[in-house]
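Asker: Just dropping this structure here.
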Amino acid sequence: MKLTRSHWRRIRSRGWQVLITLMGLLLLTFFIGRVMPLDPVLAIVGPDADHATYQQVYHQLGFDKPLWVQFAIYLNGLLHGNLGMALLTGQPVINDILRVFPATVELATLAIVIGTGLGVPLGVWAAARRNGVVDYVVRIISLAGYSTPIFWVGMVGLLLFYAHLGWVGGAGRVDFSLDGLVPRRTGLLLVDALLAGNGSVFASALNHLILPASLLGFHSLAYISRMTRSFMLAQLTQEFILTARVKGLTEWQVIWQHAFRNILVQLLTVVALAYGSLLEGAVLIETVFSWPGFGSYLTGSLMLGDMNAVMGCVLVVGLIFVLLNLISDLLYQVFDPRTKV
């Protein structure tokens, strides 16, 4: 579809909004990190260090400079891809994030596929059978997905499907005996196993992935099905739906070819936001399943008081949501004829 001048103007406008949002996020992240009651110097030198050592590290980290100078140094480092050094690993934060993030991407991607693949049809079905048995069942499922604590569901799932039934793998991404057998290329273990032609690692990785991804998918299913139902109910009361039925179209054609087509762009936004939430909100599931992902890394950094790593992770989370919002908004303007000028 051809982009008009109005589309390009909106793209430029959104680009400036993204830059301003990211700058605000940087300021907020930096100053919160500086005012939090955590001492990164103490985390580095330890509680038994003498005053001279403490002051030396304090000076090396630049904490003796004014806050605006510290922020300028921090911003200059960001422009060069430097998020600082992580206390937890002793490695650059950017390297740590690049190492752990693919594990979360793999988990969240399968989860959103499950949540969307089941949530959208359930939402459409519930709207088409409003106030019927199907509608009540779907609403109960959505309520359960919203209200049930994800960490509790994860522990119950491990006890039932791993410890008792033995249907799935346990904690971690792969069996301990198979860990490290395939070279890291993408960081996505399923993809790396396929590229290496190692069926054993692929099967083990999938066996470990399916349960946490299904539980996260159930959580996103609740949100997606609820929003789909709401969007469909709004469409099914429109006059064009009545006209389609009067013309003699089948119920399948009315629902899927007319009503559902009109909510696709709205669903795109919902799924994008749900995916972003999974990328940054899988902390509890990663903790329960000992999943070496982004959430586990952020939790460990918080416990240690590693503000470089924490600020880097917060920045990445904010960037993900800004980009997902930008992409969904641009697609909305391109594919929704109502936004054309």
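The values are calculated or read from the model by the stated rules, or taken from the named source; none is laboratory data. Fair warning: this is a prediction, and the values are worked out from it, not measured in the lab. Cβ atoms come from the backbone with ideal geometry, glycine included; neighbour counts cover every protein chain shown. Just the protein is used for accessible areas: all its heavy atoms, side chains included, with ligands, DNA and RNA removed. Shrake-Rupley method; radii C 1.70, N 1.55, O 1.52, S 1.80 Å.
Asker: Where does each of 199-205, 119-125 land if you order them by average Cβ count within 10 Å, highest first? Don't skip to the answer; put the middle values down first.
Answerer: Details: 199-205: 18.9, 119-125: 22.9.
With the highest mean Cβ count within 10 Å placed first, the list reads 119-125, 199-205.
Asker: Give me the accessible area per residue for the stretch 79-214, probe 1.4 Å, as a whole number in Å².
Answerer: Working: 7220 Å² over 136 residues.
Value returned for the stretch 79-214: 53 Å² of accessible area per residue.
Asker: Of the accessible area of the stretch 106-155, with the probe set at 1.4 angstrom, what percent is carbon plus sulfur?
Answerer: Numbers: 1920 of 2540 Å².
Carbon and sulfur: 75 percent of the exposed surface of the stretch 106-155.
Asker: In whole Hz and in residue order, list the ³J(HN,Hα) couplings for the stretch 303-318 that follow from phi through the Karplus curve 6.51 cos²θ - 1.76 cosθ + 1.60, θ = phi - 60°; x for Gly and Pro.
Answerer: Result, rounded to whole Hz: 5, 8, x, 7, 6, 4, 5, 4, 5, x, 5, 4, 4, 5, 4, x.
Asker: Another question, if that's okay. Using only helices, what value at 222 nm comes out for the chain when you add -39,500 (n - 2.57) per DSSP H run of length 4 or more and divide by the total residues, to the nearest 500 deg cm²/dmol? Intermediate values should be presented prior to the final figure.
Answerer: On the way: 14 runs with 237 residues, N = 341.
Rounded to the nearest 500, it is -23500 deg cm²/dmol.
Asker: Only four residue types carry charge here, +1 at the Cβ of Lys and Arg and -1 at the Cβ of Asp and Glu. Report the dipole size of the stretch 1-136 about the Cα centre in Debye, rounded to the nearest 20.
Answerer: Numbers: 11 positive and 7 negative charges, 272 e Å.
Value, rounded to 20: 1300 debye.
Asker: Using a 1.4 Å probe on the protein chains only, how many percent of the accessible area of the stretch 203-316 belongs to carbon and sulfur? Kindly include the intermediate steps, with their values, before the conclusion.
Answerer: Numbers: 3010 of 4720 Å².
Carbon-and-sulfur percentage of accessible area, whole number: 64.
Asker: Also, quick follow-up: For the stretch 136-240, rounded, prolate or oblate, judged on the Cα gyration tensor with a ≥ b ≥ c (square roots of eigenvalues), a/c < 1.5 rounded, else prolate if a/b > b/c? Provide the component values of the computation, followed by the final result.
Answerer: Values: a/c = 3.86, a/b = 1.86, b/c = 2.07.
Since a/c reaches 1.5 but b/c is at least a/b, the shape of the stretch 136-240 is classed as oblate.
Asker: Could you tell me the convex hull volume per residue, in Å³, taken over the Cα atoms of the chain?
Answerer: Per-residue hull volume (Cα only) is 196 Å³.
Asker: I would also like to ask the following. Anyone know which of Arg173, Arg14, Arg226 comes out most mobile in the 10 Å Cα GNM of the chain?
Answerer: So, out of Arg173, Arg14, Arg226, the one fluctuating most is Arg14.
Asker: What accessible area, in Å² to the nearest ten, does a 1.4 Å probe give for Val270?
Answerer: Rounded to the nearest 10, that gives 10 Å².
Asker: Taking the stretch 238-279, which trypsin sites (Lys or Arg not before Pro) meet the DSSP loop condition and have no more than 10 other C-beta atoms within 10 Å?
Answerer: Values: sites: Arg245, Lys247, Arg261; in loops: Lys247.
The qualifying sites are Lys247.
Asker: Okay, next question. Calculate the translational D of the stretch 36-96 in whole µm² s⁻¹ from Stokes-Einstein, where the hydrodynamic radius comes from the Kirkwood formula applied to all Cα pairs, the temperature is 37 °C and the viscosity 0.692 mPa s.
Answerer: Numbers: Rh = 12.8 Å.
Roughly 257 µm²/s, to the nearest whole number.
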